[in-house]
Amino acid sequence: MKENSRIRFNPVTGEIEVEGSERFVKAYFQKLQELREAAPGKRGGGQLRQKKARVVKRAKAKKAAPGRKKAARETQGDAVVSLVSGSAGGITTAALKDKTGLSERQIWSIVYRAQKQGKIKKIKRGTYTAA
């Protein structure tokens, strides 16, 4: 299997990395060292640096203060059930639609789930009361 050799240079940090066979690294490391010492530059004739390992710090997710809970919002289902429970003789889907602003389809779905849970019951077609 053919071994890949490479030389990488980071112009920001001035780091040079030489990878490959031992023979390749020795030959090119020496040449790069000589070129760097001979070349006038901002950094002067410094040594080649080995690549430094970076430590990556990750921020931990902040936890909510103990004892504090978010206030539960009233869902659409809760609103429909409370309207049905508040009506003495029952309430129709048309009245629920007017009071909640939901579509008939949404009301039917909510009423169906509430019936399954035993929260409300059907008096007659389209009219519901508290269970």
For this session: Could you please find all residues in the range 75-101 being out of contact with any Ser or Thr (no Cβ under 8 Å at 6 or more places or on another chain) and in a loop (DSSP other than H, G, I, E, B)?
Result: Thr75, Ala88, Gly101
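Might you let me know whether the range 97-110 holds any residue that is in contact with a Phe, Trp or Tyr (Cβ under 8 Å, 6 or more places away or on another chain), under 17 Å from Thr75 (Cβ atoms) and surrounded by 11 or more Cβ atoms within 10 Å (Cβ to Cβ)?
Step one: list which residues in the range 97-110 are in contact with a Phe, Trp or Tyr (Cβ under 8 Å, 6 or more places away or on another chain), which gives none.
Taking every residue of the range 97-110 in turn, none turns out to be in contact with a Phe, Trp or Tyr (Cβ under 8 Å, 6 or more places away or on another chain), under 17 Å from Thr75 (Cβ atoms) and surrounded by 11 or more Cβ atoms within 10 Å (Cβ to Cβ).
Return yes or no: is Ala131 modelled with pLDDT under 90 and in contact with a helix residue (DSSP H, G or I) (Cβ under 9 Å, 6 or more places away or on another chain)?
Details: modelled with pLDDT under 90: yes; in contact with a helix residue (DSSP H, G or I) (Cβ under 9 Å, 6 or more places away or on another chain): yes.
The answer is yes for Ala131.
The values are calculated or read from the model by the stated rules, or taken from the named source; none is laboratory data. Bear in mind that the values here come from a model prediction, so they are computed numbers and not experimental data. Every residue, glycine as well, gets a Cβ built from its backbone with ideal geometry; the counts of neighbours run over all protein chains shown.
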